[in-house]
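Asker: Got a structure here, written out as structure tokens. Questions coming.
The values are calculated or read from the model by the stated rules, or taken from the named source; none is laboratory data. Owing to the predicted nature of the structure, the values given are computational and were not obtained by experimental measurement. In this analysis, Cβ positions are derived from the backbone assuming ideal geometry, glycine residues included, and neighbour counts consider all displayed protein chains. The protein model used for the area step is the full one, side chains on, heavy atoms only, and it has no ligands, DNA or RNA in it. Shrake-Rupley method; radii C 1.70, N 1.55, O 1.52, S 1.80 Å.
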Amino acid sequence: MSAATTRSRTPDRLCAEAVDLARASAEEAAAPGVVGEHTGLVSEGDRVVTHFFECKELGYRGWRWAVTVARASRAKIVTLDEVVLLPGPDALLAPEWVPWSERLRPGDMGPGDLLPTDAEDLRLEPGYTGDDEPLPNAPVSEEMAELVEAEDAEVTPSAPASLPAVPARGSIAAVAEELGMRRARVLSRYGLHVAADRWEESYGAKTPMAQAAPASCVSCGFLVPIGGSLGQAFGICANEFSPADGRLVSLAYGCGGHSEAAVMPKPPRPAPPVIDETTVDPFPLRPARDSGSVPDVSDEDAAELGHS
């Protein structure tokens, strides 16, 4: 170990003793009352020492004021270098910054929000190609440029004024727009698979609703079929009472609102009353004397026993 390295790791005595200068500098840079006790120092090099003070600022737990002082060679006066607020070993730090494209979650977008799509998004691929490609025999094509360079010839045989006008041709973009395919990018196979997996997880055969359903959506009359390759595995639910109404559901999904579910039984209807007016049933006004369990006694005998 060299002598210079030894000197750099040993704090300078005058710089190490300049605690009052470091505290006054920290209090001048910070708000009143937020500079705490002196927690230590570290040697930054020859005649350069950093003093650490506790930070009492709310929300900065574990942070400390770092005041660096220095002394010129052969000088006895210590001067201030810088004052900064640095996190300590157990400081409370903010989480690592994450780009917005990785923080975005489904449902975060609101009215008026714009979500730019990356030019290299794997979920998309070009809808059509060759929009700006010139004809193979055009002077600006790559084939013609290579031929001119190999033959060391001129691109045009004569002056531009004597050349015939080049007939205009329809661009690929115009043809695509006329055919209804004017989309610069379309869904790639990767994007299609990612979307299908996401929909299958939300409204697929493994959901609790589908596990308890009487039948799957493939046989439901409320299923609206869709076209394309997705139509082989998905459809749109049109049952207003279903939890998936208006959603893209898997054909293996199902719920209790299936069109062919068991029909609810009708409530039983009572039989119509039968009225017979041809006979008369006698109803005595008083019960017979021998019809009950009470002994047949006269009114006088009942009065002697205290009965009314």
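Asker: I'm told R61 meets every condition in (1) surrounded by 12 or more Cβ atoms within 10 Å (Cβ to Cβ); (2) under 45 Å from the mean Cα position of the chain (by Cα); (3) at positive phi except one. Can you identify the failing condition by its number?
Answerer: (3)
Asker: Determine which single condition A22 fails, assuming it passes every other condition in (1) assigned to a strand (DSSP E or B); (2) open to solvent by less than 80 Å² (accessible area, probe 1.4 Å).
Answerer: Here A22 clears every test but (1).
Asker: So the check is Cβ under 7 Å with 6+ separation or different chains; which pairs have a first residue in segment 208-225 that's over 12 Å from A252 (Cα atoms) and a second one that's part of a strand (DSSP E or B)?
Answerer: Sorted first by the residue in segment 208-225, then by its partner, the pairs are F222/C237; V224/G235; V224/I236; P225/G235.
Asker: Going by what's in this entry, would E125 be described as under 30 Å from S202 (Cα atoms), of a type outside the set (A, V, I, L, M, F, W, C) and assigned to a strand (DSSP E or B)? First the steps, then the outcome.
Answerer: Numbers: under 30 Å from S202 (Cα atoms): yes; of a type outside the set (A, V, I, L, M, F, W, C): yes; assigned to a strand (DSSP E or B): yes.
So E125 fits the description; yes.
Asker: In the set S291, S250, S216, which member is over 26 Å from R123 (Cα atoms), among the polar types (S, T, N, Q) and modelled with pLDDT of 90 or more? Break it down stepwise before answering.
Answerer: Values: S291 fails: modelled with pLDDT of 90 or more; S250 fails: over 26 Å from R123 (Cα atoms).
Just a single option satisfies the conditions, and that option is S216.
Asker: Here is a list: E54, E27. Which entry is of a type in the set (D, E), under 20 Å from D81 (Cα atoms) and over 44 Å from the mean Cα position of the chain (by Cα)? Talk me through it step by step, then tell me what you get.
Answerer: Details: E54 fails: over 44 Å from the mean Cα position of the chain (by Cα).
E27 is the lone residue from the list that is of a type in the set (D, E), under 20 Å from D81 (Cα atoms) and over 44 Å from the mean Cα position of the chain (by Cα).
So that you can scan it fast, the table gives a plain yes or no per residue for (1) within 26 Å of L93 (Cβ to Cβ); (2) free of Cβ contacts under 8 Å to residues at least 60 places away in the same chain:
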| site | (1), (2) |
| --- | --- |
| R9 | no, yes |
| P32 | yes, yes |
| S43 | yes, yes |
| R47 | no, yes |
| W63 | yes, yes |
| A66 | yes, yes |
| R71 | no, yes |
| K76 | no, no |
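Asker: I've got another one for you. Do we have any residue at all in segment 219-242 that's more than 18 Å from G256 (Cβ to Cβ), modelled with pLDDT of 90 or more and assigned to a loop (DSSP other than H, G, I, E, B)?
Answerer: yes
Asker: Output the number of residues of segment 108-140 satisfying the condition of being modelled with pLDDT of 60 or more, open to solvent by less than 90 Å² (accessible area, probe 1.4 Å) and either among the hydroxyl-bearing types (S, T, Y) or touching a Ser or Thr at 6+ places or on another chain (Cβ under 7 Å) (or both).
Answerer: The first filter runs over segment 108-140 and keeps only residues modelled with pLDDT of 60 or more, leaving 108-129.
Okay, now just the ones that are also open to solvent by less than 90 Å² (accessible area, probe 1.4 Å), so 108, 110, 112-113, 115-117, 119, 121, 124-128.
Narrowing further to those that are either among the hydroxyl-bearing types (S, T, Y) or touching a Ser or Thr at 6+ places or on another chain (Cβ under 7 Å) (or both): 117, 124-125, 128.
Total satisfying the criteria: 4.
Asker: Would you confirm whether any residue within segment 69-76 is part of a strand (DSSP E or B), within 14 Å of A22 (Cα to Cα), open to solvent by less than 30 Å² (accessible area, probe 1.4 Å) and touching an Asp or Glu at 6+ places or on another chain (Cβ under 9 Å)? Steps first, please.
Answerer: Taking segment 69-76 as the starting set, the residues that turn out to be part of a strand (DSSP E or B) are 69-71.
After this cut, where a residue has to be within 14 Å of A22 (Cα to Cα) as well, the list is 69-71.
Right, trim to open to solvent by less than 30 Å² (accessible area, probe 1.4 Å) and you get 69-70.
When the remaining residues are screened for being touching an Asp or Glu at 6+ places or on another chain (Cβ under 9 Å), the result is 69-70.
Yes, that holds for at least one residue.
Asker: Restricting attention to segment 77-107, and to residues there that are open to solvent by 100 Å² or more (accessible area, probe 1.4 Å) and more than 30 Å from V194 (Cα to Cα), which single residue is nearest to the chain's Cα centre (by Cα)?
Answerer: So the residue we want is L93.
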